[in-house]
Amino acid sequence: MIGHRTSIFLVSILLSAITSVVQADSGFTPFVDHQEFSVSFAGDPLPDAKFLAAMICQDEPLPHMKNRKGFPAAQVPRLKQALPPGDAAGKWRYASYRVGGHGVDSHVDFTAFADGVPDRFRVVIYLPSLDKHFLTHEVQSHALLNQYHISLSEDGTAKLTLDQSDLWLADWAIAVTERGLKALALTLILELLVVVFLCRVFKKHHLLTRMTVTCLCINVLTLPPLWFFSVIGFVMFGLWSGMVQLIVLEVIVVIVEGFAYTFVGRAGWKLAPLLALLANSLSFLVGLFVI
């Protein structure tokens, strides 16, 4: 049976973790620095093999970005003539990208943002063959979705659309990275419950305290690097590749925790791998829906 002191210890750990879940809401939001745009004209490819583009926003520029000379980003001719009038939010100006704007074969991109991708922006497309500017409406950017389509019309208007086919996965990835402390607390709660349950099922009551401490320590050690490399994967390699990397990292964590439960927790080769697999599978699946 579980001793009185052990019960108090487990309850205090669970209450502490639950408090963290309720109160913790810290972390950071990853963002994709590279923004890609495909462009069409009246439903067809652009008449120009090469064209120029500018991403504009109303954000106040950083001091070193006020003079854009020296950056490899494209300079759109007579851009001021195409800019919409300013309002209470400020004047429209180039966003803080240092590279991009040189369109080729109906595609253009912007990257190396000095101050991050603006929350809201417009795009100006300049076609040399028509000597004409096309101004899109204002759109909200997304931290991880970075593929857009711009449809130009003969009347000079342009429609800017974000590709939202992977929106659910992107929103989940952002929630995971923003709520690292909540994820840690949730992981501790679920995996501690699995430890208690399996120790009772396999009649390992004498190992419960040791296994509980092992569970706490190994999760505190493995979860931060798991989160760090997962964020890197989502940002650098895209959503689906990032998801594959996350699953691979979870498998590695299962193996590491299995060894920890075997040698530190002294659970044995039969119980330890099963415990690590069930505990991590439960926390991963619950996290997909809760976080």
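What follows is calculated from the coordinates using simple rules that are stated; it is not laboratory data. Being a predicted model, the structure only gives us computed values, none of them experimental. Cβ coordinates were reconstructed from backbone atoms using ideal geometry, including for glycine residues, and neighbour counts include every protein chain displayed.
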> Expressed in nm to one decimal, what extension gain is obtained for the pair Lys270 and Arg210 from 0.36 nm per residue of sequence separation less their Cα-Cα distance?
Replying inline: 19.9 nm
> Using alpha carbon coordinates only, what is the Rg to Rh ratio of the stretch 35-165, with Rh defined as the Kirkwood radius?
Replying inline: 0.93
>> Which aspartates and glutamates, if any, have their Cα less than 13 Å from the Cα of Lys159, not counting same-chain residues under 8 positions apart?
In response: Glu138
>> Restricted to Cα positions, what overall size does the stretch 153-291 have along the principal axes? Three whole-Å values, descending.
In response: 79, 22, 21
>> Taking the Cα of Lys80, stepping 7 Å toward and past its beta carbon, and measuring to each backbone N in the stretch 125-147: which are under 18 Å?
In response: 133
> Hey, got a sec? Which trypsin sites (Lys or Arg not before Pro) in the stretch 195-291 land in a DSSP loop and have at most 12 other Cβ atoms within 10 Å?
Replying inline: Lys203
> Can you pull out the chymotrypsin sites (Phe, Trp or Tyr not before Pro) in the stretch 120-161 that DSSP calls coil and that have at most 10 other Cβ atoms within 10 Å?
Replying inline: none
> Taking neighbour Cβ counts within 10 Å as the exposure measure, how do Met236, Met55, Met243 sort from fewest upward?
Replying inline: Met236, Met243, Met55
>> Which aspartates and glutamates, if any, have their Cα less than 14 Å from the Cα of Lys132, not counting same-chain residues under 8 positions apart?
In response: Asp48, Glu154, Asp155
>> Taking 41 Å as R0, compute the FRET efficiency from the Cβ-Cβ separation of Arg200 and Asp171 and round it to 0.05.
In response: 0.60
> Just how far, in whole angstrom, is the stretch 177-231 from the stretch 71-149 if you go by their alpha carbon centroids?
Replying inline: 46
> In nm, to one decimal, how far is the modelled label at Asp33 from the one at Ile232, with both set 7 Å along Cα→Cβ?
Replying inline: 1.5
> What ranking do Val286, Val108, Val194 get, fewest neighbouring Cβ atoms within 10 angstrom at the top?
Replying inline: Val286, Val194, Val108
> In nanometres, what is the gap between the two model label sites at Val244 and Ala42, each 7 Å from Cα along Cα-to-Cβ?
Replying inline: 4.2
>> Which residues does the label zone of Glu138 cover in the stretch 108-130, counting backbone N under 13 Å from a point 7 Å along Cα→Cβ?
In response: 119-123
